[in-house]
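As structure tokens, the structure follows; a few thoughts come after it.
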Amino acid sequence: MRMSNSKDSAKVQKTGPIDNAWSLKIPEFKEADNPHRLLEESSFATMFPKYREQYLKEHWPLVQKALAEHHIKAEMDLIEGSMTVKTTRKTWDPYIIIKARDMIKLMARSVPFEQAVRVLQDDIAADVIKISSLVRNKDKFVKRRQRLIGPNGCNLKSIELLTNCYVVVQGQTVSALGPYKSVQQVRKIVEDTMKNIHPVYSLKTLMLRRELAKNPKLINENWERYLPKYNSKNISKRKEPKKKKEKKPYTPFPPPQQESKIDKAMATGEYFLNQEQKRAKRKKEQEAKHEEATKKRQERRAQAFVPPEEKAVVNETVKTDIDVAEIKRKVQQGLKKRKTK
């Protein structure tokens with residue numbers, strides 16, 4: 001009894017809070033763990049597109065054989081274009097039906113049978129990410145989906161190598177198959193790409209995390225300071241108005257009531273005038289306006305006859321410093337030389 005109690009206490013000590021849940025090994029679920037089998041039948045069905053019909057028809061015997069090992073029955077209806085998986089009375093694993101559902105989902109989304117059958121393993125998960133609802137504009141959707149694939153599929157291959165997952169981009173979905181943690185990483189990369197964040201940034205972060213994980217000194221430290229931080233540089237293309245309305249300071253009181261036409265007429269005294277007086281006043285105002293306009297028009301016409309201002313001409317006397325006596329002497333010397341010749 002003491003021996004058994006000590007063993008039980010040792011088991012209790014092992015279980016408890018764990019710092020890194022991903023490092024925990026999931027114990028294998030065996031047939032002996034569920035000897036009574038399942039009480040109710042569970043079934044899942046999924047539709048497949050027309051272009052997958054030929055491939056599925058060829059590989060359906062292999063699908064049935066793989067699922068029969070886990071006592072799961074598989075059916076395919078070519079008229080409706082659907083695949084169905086059901087549990088049988090011999091099925092002992094309660095979660096295998098979910099795995100079988102994921103398998104037919106992946107095969108419907110163009111994942112080959114050789115890869116899809118791996119999802120039946122305990123340490124392999126699958127995820128079908130719908131990307132059509134993440135982007136409304138069709139042109140943007142096509143560009144960002146192509147960005148996820150990359151030139152000659154290099155981005156997709158890099159994602160597969162860094163996450164250890166099998167990834168297929170087909171139509172409006174992205175199918176991922178691999179370890180549980182890696183599938184989460186693929187989903188984050190795909191969603192960020194569809195939100196206009198280039199996958200190169202996510203791949204760079206994954207590479208740095210892998211290198212940091214190799215260093216035992218940094219296991220208990222925060223890695224945020226080592227990881228790159230990218231700021232979005234997208235500039236809004238919305239044109240701003242030329243005239244911006246300045247917001248007035250907030251006041252709790254309502255604005256003052258505007259004066260009506262009657263109030264304005266009473267303030268100017270026009271309200272108390274009769275019709276003839278009003279007409280005479282209006283005529284006087286019009287005449288004043290006409291006179292002002294005529295005056296402006298005459299001034300504008302008279303400007304053509306106004307002579308421009310001429311600049312005053314300044315007579316500058318040229319000062320010459322010429323020595324007349326010196327010139328006479330040089331001329332006389334020249335004449336003497338001619339006579340001597």
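So for region 29-122, considering every pair of alpha-carbon atoms, how many percent are separated by more than 24 Å? Cα-Cα pairs of region 29-122 separated by over 24 Å account for 18 percent. Anyone know which of 296, 239, 86 comes out most mobile in the 10 Å Cα GNM of the chain? Looking only at 296, 239, 86, the biggest GNM fluctuation is shown by 296. Placing unit charges on the Cβ atoms of the charged side chains and taking the dipole of the chain about its Cα centre, the candidate lying farthest along the positive direction among 163, 62, 79 is 163. Of interest is the spacing of the C-alpha centroids, which for region 239-283 and region 104-183 amounts to 68 Å.
Can you bin region 109-195 into rounded, prolate or oblate? Criterion: square roots of the alpha carbon gyration tensor eigenvalues sorted a ≥ b ≥ c, rounded for a/c under 1.5, prolate for a/b above b/c, oblate for the rest. The shape class here is prolate.
For helix 275-302, report the angle its Cα long axis makes with the longest principal axis of the Cα atoms of the chain; keep it between 0 and 90° and round to the nearest 10°. On a 0 to 90 degree scale, this one is about 70. Any idea what angle helix 96-108 forms with the longest principal axis of the chain, computed on alpha-carbon atoms, 0 to 90 degrees, nearest 10? Roughly 50 degrees, rounded to the nearest 10. Straight-line reach from residue 204: taking Cα to Cα under 25 Å and skipping same-chain neighbours fewer than 8 places apart, the lysines in range are 130, 140, 143, 157, 181, 188, 195, 214, 217, 229, 233. Here mean projected area of the Cα convex hull in nm² was computed from the coordinates, and among [x] 16.8; [y] 64.9; [z] 24.2 the match is [y]. The residues of the chain expose, per residue, 84 Å² of accessible area to a 1.4 Å probe. The slack in the chain from residue 338 to residue 20, taken as 0.36 nm per residue of separation less the alpha-carbon distance, amounts to 102.0 nm.
Specify which residue in the list 277, 257, 241 is farthest towards the positive end of the charge dipole of region 237-306, using unit charges on the beta carbon of Lys, Arg (+1) and Asp, Glu (-1), about the Cα centre. Working it through, the farthest residue towards the positive pole turns out to be 241. For region 75-128, what class follows from the C-alpha gyration tensor (a ≥ b ≥ c being the square roots of its eigenvalues): rounded when a/c is under 1.5, otherwise prolate if a/b is larger than b/c, else oblate? Taking the square roots of the gyration eigenvalues as a ≥ b ≥ c, region 75-128 is oblate. Split the accessible area of the chain by element, probe 1.4 Å, and carbon with sulfur accounts for 53%. Taking a sphere under 15 Å around the Cβ of residue 279 and counting the other residues whose Cβ falls inside, with K and R at +1 and D and E at -1, yields a net charge of +1. GNM on the chain, alpha-carbon springs under 10 angstrom: the most fluctuating residue among 69, 40, 292 is 292.
The values are calculated or read from the model by the stated rules, or taken from the named source; none is laboratory data. Here the structure is a predicted model, which is why all the values come from computation and not from measurement. Positions of Cβ are generated from backbone atoms using ideal geometry, with glycine treated the same way; all protein chains shown enter the neighbour counts. Ligands, DNA and RNA are excluded from the accessible area calculation, which covers all protein heavy atoms including side chains. Shrake-Rupley method; radii C 1.70, N 1.55, O 1.52, S 1.80 Å.
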